[in-house]
Amino acid sequence: MKDLINVTRSSMPEFDEFMEEIKDLWETHWLTNMGEKHKKFAKCLRDYLNVNMVTLLANGHLALECAIAAFDLQGEVITTPFTFASTTHAIVRNGLKPVFCDINEDDYNIDVKKIEALITEKTCAIVPVHLYGNVCDVEAIDSLAKKYNLKVIYDAAHAFGVTLNNIGIGNFGDASIFSFHATKVFNTIEGGAVTYNNEELKKILYFLKNFGITGPESVEFVGGNAKMNEFQAAMGICNLLHIDEEIRKRQQVDKRYKENLGNVKGLKLIKPQSGVKSNYAYFPIVFDGKENLRDCIFEALENNQIIPRKYFYPLITDYECYASQFDSSLTPVAKKTAERVLTLPLYADLELKDVDRICGIIKSLL
């Protein structure tokens, strides 16, 4: 629908630019299995993210599954219930038990003050999420990891291009994963990556994403198929050329939302973090008023062909597949936030007049 304003809209290069990038694929007929586009994109991405090593994968979820599997973990993993299903699924699909820590009320990331009380002799790792592109307290998490000899794998699916004190976000923890899904700030249509500093992980991740194949006639590991193909890599090469401009445009949309909603009673916005260069991935607002207010505003926007999202509702612990195993009342801040949060449309090409219209509808109902 022409006038529909979705919660996001994929950034894409000019058609001719993409066609030029993929033209030689018709000459080589090399479409997958780590071809030239894959190699070129991996180098460009490593440089842009300012990380030591990067492994490309078919999508962000497989990146997280493989990153967790690479450490051969057993036992319990402390994580957040306020995230997308992928985070918890990747833990569970690796045969590990998620232990849910509540979130803080400032940026909705995992509450580092509550992590230590959850650590037991079974704890093997922490999987925090840089939610909405906001950076977790990496220093406190690193301190706990060293104290208890735990692995830290960051879900940085929302945090592409984010830096903390000029350090790329992919440098923290034992590994970080990124999602390049079409809905993200940066996309390769589908795609993902793991960043890390340990050279040994490069080999392990390669085996995990390529069936465990170690030679022409040798399969030493039980791996899967998580390879990024050449068309995905080509899209990444093109989109990476424009990412800084795309983020700049998103910043203008973010700024306009804050001008409209910054001082509105009953609304809570996330404040900028010190030392963090944002990518303006999402614009969540939390309603402090009546419990059903969020849903009323959601419906009003939808009736005007504006599609926000309840990121993230319900909590992971309230999903049908997990509800019988976990009690969401044990993470009350996350529970309350999930029931009151609404993520507004935000993408590079969103017109400022449409931002004003969205905000006008919201303010008219408060």
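The values are calculated or read from the model by the stated rules, or taken from the named source; none is laboratory data. If you're wondering where the values come from, they're calculated on a predicted model, not measured in any experiment. We place every Cβ from the backbone using ideal geometry, glycine too, and count neighbours over all the protein chains shown. Accessible surface is based on the protein model in full, side chains and every heavy atom, while ligands, DNA and RNA are left aside. Shrake-Rupley method; radii C 1.70, N 1.55, O 1.52, S 1.80 Å.
With a ≥ b ≥ c the root eigenvalues of the C-alpha gyration tensor of region 149-279, is it rounded (a/c under 1.5), prolate (a/b larger than b/c) or oblate? Because a/c hits 1.5 or more and a/b exceeds b/c, region 149-279 counts as prolate.
Evaluated at q = 0.06, 0.13, 0.14 Å⁻¹, the base-10 log of the normalised Debye intensity for the chain, with identical point scatterers placed on the Cα atoms, takes the values -0.23, -1.07, -1.22.
Using the Karplus relation 6.51 cos²θ - 1.76 cosθ + 1.60 with θ = phi - 60°, the per-residue 3J(HN,Hα) values for region 69-85 come to 4, 4, 8, 6, 7, 9, x, 10, 10, 7, 8, 9, x, 9, 6, 7, 3 Hz, with x marking Gly and Pro. Applying the Karplus relation 6.51 cos²θ - 1.76 cosθ + 1.60 with θ = phi - 60° to region 29-41 yields 3J(HN,Hα) values of 6, 9, 9, 7, 6, 6, x, 5, 5, 4, 5, 5, 5 Hz, where x marks Gly and Pro. Computed over region 5-68, the convex hull of the alpha-carbon atoms projects to a mean area of 6.6 nm².
In this rough spin-label picture, where each label sits 7 Å from Cα along the Cβ direction, the residue 120-residue 329 distance is 2.1 nm. Of all lysines in the structure, those lying under 20 Å Cα to Cα from residue 249, and not within fewer than 8 positions of it along the same chain, are 184, 258, 271, 277, 353. For the chain, the longest piece that avoids every one of the trypsin sites (Lys or Arg not before Pro) found in DSSP loops with at most 11 other C-beta atoms within 10 Å covers 24-264. In the chain, the DSSP-assigned H stretches of four residues or longer account for a calculated mean residue ellipticity at 222 nm of -11000 deg cm²/dmol, using -39500 (n - 2.57) per stretch and the full residue count as denominator.
Close amide-amide hydrogen proximity is noted between residue 103 and 111, 333, 334, each under 5 Å apart and 5 or more residues distant or on a separate chain (H modeled in the peptide plane; Pro and chain starts excluded).
List the lysines whose Cα lies under 25 Å from the Cα of residue 23, skipping any in the same chain that are fewer than 8 positions away. Partners within reach: 37, 39, 40, 43, 227. Accessible area per residue was computed with a 1.4 Å probe on protein heavy atoms; residue 343 scores about 0 Å². Taking 19 Å as the limit for the C-alpha separation, the pairs 113/290; 151/336; 122/147; 122/146 exceed it in the case of 113/290; 151/336.
Across region 106-121, computed HN-Hα scalar couplings (Karplus, 6.51 cos²θ - 1.76 cosθ + 1.60, θ = phi - 60°) run 8, 10, 6, 7, 4, 7, 5, 6, 10, 6, 4, 5, 9, 6, 10, 5 Hz from first to last residue, x flagging Gly and Pro.
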